[in-house]
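Report on one structure; see the data block that follows.
Any read-out appearing in this document is the output of simple, stated calculations on the displayed coordinates, not a laboratory observation. On a predicted model such as this, the values are computed, not experimentally measured, just so you know. Note: ideal-geometry Cβ built from the backbone for every residue, glycine included; neighbour counts use all protein chains shown.
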Amino acid sequence: MFWFPLLLSLPVILFLVAPKIRKMLSCGMCTSNVQLSGKVAIVTGANTGIGKETAKDLARRGARVYLACRDIQKGELVASEIQAITGNSQVLVRKLDLADTKSIRAFAEGFLAEEKYLHILINNAGVMMCPYSKTADGFEMHIGVNHLGHFLLTHLLLEKLKESGPSRVVNVSSLAHHLGRIHFHNLHGEKFYSAGLAYCHSKLANILFTKELARRLKGSRVTTYSVHPGTVHSELIRHSTALKWLWQLFFFFIKTPQQGAQTSLYCAVTEGIEGLSGSHFRYECVCL
């Protein structure tokens, strides 16, 4: 049949065109040469994936970087790796479990006692497609970790951000926010639950939080941005067997963590975007 030769040649075609498509999908590299000597940054979930690459870049620019991680042992290994690569010894690890408000408050209290300034807060950590579960405080895990945990963390550090201005807050969201809805009558999934949609709802909350925070901080010299990093190969998909299979099948089209970190970095360091506070960025492109 006429389609049989085409079917046989499909793997070859994919092999040839995939690198070009991947390059196109991963466009939008942060080209800023801004140096961050004397600046202090926090990156949540910095022991792996996008967070790790974000922290590494900030350290390379000379910032004092806090890796806010749930797993201290993994965090220490990553900190040592970043120190060796960048030559920056000011890469510190602190315990932060966004699924427990006691841990969030302890982290913030410790940081405020330790540091005089905070210039960059990157709310990067997240969970995706978890089986139904709740945080230590009874929140559905997606909304609890991805939104409420970062909401509380930002609130606790807000005065320090204001005192350190100009400063920035970057919230890592997702294109999945388009499928999100805030169901206040079922915020914690007790009436019905979909792991995929729960993730989408939490990513929409990230964007709404960013916009409202920008409105409230107008004139404060603190600006805030939400970002979609793209489809990235990371541990975020660890709870989904289907996504793991798809990621392996289409790995040519998936961004690396380093590529995925570029949008966060763009919003964290690029000069001249202060007037876009509250906006959502994708691949360095602003989506108002």
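For region 35-271, relative contact order (Cα pairs under 8 Å, six or more residues apart, normalised by length) works out to 20 percent.
Each 5 Å bin from 0 upward holds the following percent of the Cα-Cα pairs of region 35-271: 1, 7, 14, 19, 21, 18, 11, 6, 2, 0, 0. Each peptide in 257-270, 119-132, 86-99 gets a packing score, the mean of other Cβ atoms within 10 Å over its residues, and the list from highest to lowest is 257-270, 119-132, 86-99.
Computed over neighbours whose Cβ is under 9 Å from that of GLY75, the net charge equals +2, Lys and Arg +1, Asp and Glu -1. Under the rule of at least 5 residues apart or a separate chain, name every residue whose amide H is placed under 5 Å from the amide H of ALA63. Result for ALA63 returns LEU36. Residues of region 48-72 with amide nitrogen under 15 Å from the 7 Å Cα-to-Cβ point of SER89? So the set is 64-65.
Modelled this way, with points 7 Å down the Cα-to-C-beta line, the labels at ILE72 and CYS130 are 2.1 nm from one another. Net charge of the neighbourhood of ALA136, taken over other residues with C-beta under 9 Å away and scored Lys/Arg +1, Asp/Glu -1, is -1.
With Cα atoms defining each centre, region 137-216 and region 48-71 are spaced 21 Å apart in the structure.
What does the extension gain come out to for TYR193 and ARG105, with contour length at 0.36 nm per residue minus their alpha carbon separation?
Roughly 28.8 nm would be gained on extension.
Charge tally around LYS211: other residues with Cβ under 14 Å, Lys/Arg +1 each, Asp/Glu -1 each, net +3.
In order along region 163-178, the Karplus-derived 3J(HN,Hα) couplings, from 6.51 cos²θ - 1.76 cosθ + 1.60 at θ = phi - 60°, round to 5, 9, x, x, 9, 9, 10, 10, 10, 7, 10, 6, 4, 5, 4, 4 Hz, and Gly and Pro are given as x. Overall shape of region 133-228 was characterised from the C-alpha gyration tensor. The equivalent ellipsoid obtained from it has semi-axes of 27, 14, 10 Å, in decreasing order.
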